[in-house]
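Student: Right, I'll just put the structure down here and ask away after.
The values are calculated or read from the model by the stated rules, or taken from the named source; none is laboratory data. None of the values given here were measured: they were computed from a predicted structure. Glycine also receives a Cβ, built like all others from the backbone with ideal geometry; neighbour counts cover every protein chain displayed. Calculation scope for accessible area: heavy atoms of the full protein, side chains included, ligands and nucleic acids excluded. Shrake-Rupley method; radii C 1.70, N 1.55, O 1.52, S 1.80 Å.
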Amino acid sequence: RMARVAPLIQEWVRGGNTPPHLYTTEEWKGMGDTFAIELADMQDARDVLWGHDPVGPDAVTLQDLRLHTEREIRQTLLQLRLRLLLATQMHAEVGNLLLSGMPSFTAYMRAALRLTGQKAPLDTSVVIERAAAMADLDPKPMLECWRIRRASSPLALGITDQIGRAHV
């Protein structure tokens, strides 16, 4: 199977794409604790077009989602702190870190909404607003980062700057 799929994977990667993860059906069935965030996202945003649904309604437990979310947030914070400390071109690198982290940050927000019994909307702006409300925070800085990322614009931001005062 790997020999048959290798040329397709190589072409995919040559096209600038990230290599996919390949699992057997049996391996996939045991991934609920490893990919709980991703599986929960798939449950909310999928349409099965043909065949068996590989992401059934019981693919994720709240316990697995909580543990996976906690691990991912801790790891992301550690990596973010390290990369901030090592940033040599402070304004450009800090802005890039924030923008490149937005998909992960919003995935964690969706997970937090699910863990509090709320539905996680597919619209990222709504996710940011609901997560901010849940934490009693102003959603405007994250919404602005999301807008900038979607526009593929650069963000020059110092480590102590607030988003509203940053130079875009």
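Student: Between 112, 133, 92, which is out of contact with any helix residue (DSSP H, G or I) (no Cβ under 8 Å at 6 or more places or on another chain) and at pLDDT 95 or above?
Tutor: Numbers: 112 fails: out of contact with any helix residue (DSSP H, G or I) (no Cβ under 8 Å at 6 or more places or on another chain); 92 fails: at pLDDT 95 or above.
Residue meeting the stated conditions: 133.
Student: Under 9 Å between Cβ atoms, which residue pairs at least 6 apart in sequence (or on different chains) link something in segment 39-52 that is at pLDDT below 90 with a partner that is surrounded by 10 or more Cβ atoms within 10 Å (Cβ to Cβ) and acidic (Asp, Glu)?
Tutor: 46/53
Table: residues versus (1) over 14 Å from the mean Cα position of the chain (by Cα); (2) within 30 Å of residue 39 (Cβ to Cβ); (3) free of Cβ contacts under 8 Å to residues at least 12 places away in the same chain.
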| residue | (1), (2), (3) |
| --- | --- |
| 101 | no, yes, no |
| 105 | no, yes, no |
| 111 | no, yes, no |
| 117 | yes, yes, yes |
| 124 | no, yes, no |
| 149 | no, yes, no |
| 156 | yes, no, no |
| 163 | yes, no, no |
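Student: Could you list all residues from segment 1-20 that are within 25 Å of the chain's Cα centre (by Cα) and surrounded by fewer than 10 Cβ atoms within 10 Å (Cβ to Cβ)?
Tutor: 14, 15, 16, 18, 19
Student: Test residue 68 against the criterion of being in contact with a strand residue (DSSP E or B) (Cβ under 7 Å, 6 or more places away or on another chain) and either open to solvent by less than 60 Å² (accessible area, probe 1.4 Å) or of a type outside the set (Val, Ile, Thr) (or both), and give yes or no.
Tutor: Numbers: in contact with a strand residue (DSSP E or B) (Cβ under 7 Å, 6 or more places away or on another chain): no; either open to solvent by less than 60 Å² (accessible area, probe 1.4 Å) or of a type outside the set (Val, Ile, Thr) (or both): yes.
No; evaluated as a whole, the condition is false for this residue.
Student: Is it the case that some residue within segment 88-108 is surrounded by 14 or more Cβ atoms within 10 Å (Cβ to Cβ) and farther than 22 Å from residue 144 by Cβ?
Tutor: Quick first cut of segment 88-108, residues surrounded by 14 or more Cβ atoms within 10 Å (Cβ to Cβ) only: 90-99, 101-102, 104-108.
From what's left, farther than 22 Å from residue 144 by Cβ: none.
Within segment 88-108 (the criterion being surrounded by 14 or more Cβ atoms within 10 Å (Cβ to Cβ) and farther than 22 Å from residue 144 by Cβ), the answer is no, since none of the residues qualifies.
Student: Follow-up question, since we're still on this one. Quick check, is residue 26 farther than 16 Å from residue 112 by Cβ, exposed (fewer than 15 other Cβ atoms within 10 Å of the Cβ) and either modelled with pLDDT of 85 or more or touching a strand residue (DSSP E or B) at 6+ places or on another chain (Cβ under 8 Å) (or both)? Break it down into steps so the answer makes sense when it comes.
Tutor: Values: farther than 16 Å from residue 112 by Cβ: yes; exposed (fewer than 15 other Cβ atoms within 10 Å of the Cβ): yes; either modelled with pLDDT of 85 or more or touching a strand residue (DSSP E or B) at 6+ places or on another chain (Cβ under 8 Å) (or both): yes.
Judged against the criteria, residue 26 is a match.
Student: So residue 54 clears everything in (1) assigned to a loop (DSSP other than H, G, I, E, B); (2) loosely packed, with under 14 Cβ neighbours inside 10 Å; (3) not β-branched (Val, Ile, Thr) except one condition, right? Which one?
Tutor: (2)
Student: Moving to a separate point now. Looking at segment 109-116, can you tell me whether even one residue there is among the small types (Gly, Ala, Ser) and surrounded by fewer than 19 Cβ atoms within 10 Å (Cβ to Cβ)? Steps first, answer last, please.
Tutor: If we filter segment 109-116 for residues that are among the small types (Gly, Ala, Ser), which is where we start, we get 111-112.
Pick out the ones that are also surrounded by fewer than 19 Cβ atoms within 10 Å (Cβ to Cβ) and you get none.
Within segment 109-116 (the criterion being among the small types (Gly, Ala, Ser) and surrounded by fewer than 19 Cβ atoms within 10 Å (Cβ to Cβ)), the answer is no, since none of the residues qualifies.
Student: Looking at 122, 99, 84, 80, which is the one that is outside any helix (DSSP H, G or I) and either over 30 Å from residue 10 (Cβ atoms) or touching a helix residue (DSSP H, G or I) at 6+ places or on another chain (Cβ under 7 Å) (or both)? Let's see the steps before the verdict.
Tutor: On the way: 99 fails: outside any helix (DSSP H, G or I); 84 fails: outside any helix (DSSP H, G or I); 80 fails: outside any helix (DSSP H, G or I).
Within the list 122, 99, 84, 80, the selection yields 122.
Student: Residues 148, 159: which one is open to solvent by less than 80 Å² (accessible area, probe 1.4 Å) and either over 29 Å from residue 43 (Cβ atoms) or β-branched (Val, Ile, Thr) (or both)? Before you say what the answer is, go through the steps one by one.
Tutor: On the way: 159 fails: open to solvent by less than 80 Å² (accessible area, probe 1.4 Å).
Of the residues listed, the single one that is open to solvent by less than 80 Å² (accessible area, probe 1.4 Å) and either over 29 Å from residue 43 (Cβ atoms) or β-branched (Val, Ile, Thr) (or both) is 148.
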